[in-house]
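Colleague: Quick one: the structure is below, questions incoming.
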Amino acid sequence: MGKQAIFTLTLGQELRDEFVAAAQASDQSPSDVLQDMMQDFIQQQKMAPDYLAFMQEKAAIARSELDAGEAIGGDEVEREFSALRAATTARMR
């Protein structure tokens with residue numbers, strides 16, 4: 001991992017005790033759990049702009065389909081998938 005650093009964290013005694021107990025119950029040190037959580041958080045933050053752009057593009061496509069009259073209504077979707085569920089159920093019997 002490279003160089004080590006000390007990270008001081010202030011929190012309530014009850015939260016600390018519960019966290020230490022939970023970490024120990026999962027056979028991990030509190031430090032390892034925090035490092036994993038930090039790495040996950042960093043990865044999420046790195047991915048967030050890409051995900052936001054992806055969702056904005058999906059929304060733009062959906063709006064253009066609505067404007068062009070190409071959208072399928074919720075009732076029609078429910079009818080179609082109700083038939084698919086019924087067919088799947090019949091095949092399982």
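Colleague: Kindly list, by first and then second residue, each pair from a residue in segment 49-65 that is without any contact (Cβ under 8 Å) to a residue 12 or more places away in the chain and in a helix (DSSP H, G or I) to a residue that is of a type in the set (Gly, Ala, Ser) and surrounded by 10 or more Cβ atoms within 10 Å (Cβ to Cβ), limited to pairs with Cβ atoms under 9 Å and residues at least 6 apart or on different chains.
Modeller: 62/71; 65/71
Colleague: Also: If you take the residues of segment 66-83 that are of a type outside the set (Asp, Glu), surrounded by 10 or more Cβ atoms within 10 Å (Cβ to Cβ) and part of a helix (DSSP H, G or I), which of them is modelled with the lowest pLDDT?
Modeller: Step by step, filter segment 66-83, then rank; the result is 66.
Colleague: Which of the residues spanning segment 1-48 are at pLDDT 95 or above, among the charged types (D, E, K, R) and not in a helix (DSSP H, G or I)?
Modeller: Within segment 1-48, 27 is the sole residue that qualifies.
Colleague: Does residue 38 qualify as being of a type in the set (A, V, I, L, M), closer than 29 Å to residue 4 by Cα and surrounded by 10 or more Cβ atoms within 10 Å (Cβ to Cβ)?
Modeller: It is true that residue 38 is of a type in the set (A, V, I, L, M), closer than 29 Å to residue 4 by Cα and surrounded by 10 or more Cβ atoms within 10 Å (Cβ to Cβ).
Colleague: Right, next: Just give me the residues in segment 5-35 being exposed (fewer than 10 other Cβ atoms within 10 Å of the Cβ) and of a type in the set (Asp, Glu), in sequence order.
Modeller: Passing the criteria: 14, 27.
Colleague: On the given criteria, is residue 44 under 20 Å from residue 5 (Cβ atoms) and either among the small types (Gly, Ala, Ser) or under 23 Å from the mean Cα position of the chain (by Cα) (or both)?
Modeller: no
The values are calculated or read from the model by the stated rules, or taken from the named source; none is laboratory data. Predicted model only: the values in this text are computed from it and were never measured. Note: ideal-geometry Cβ built from the backbone for every residue, glycine included; neighbour counts use all protein chains shown.
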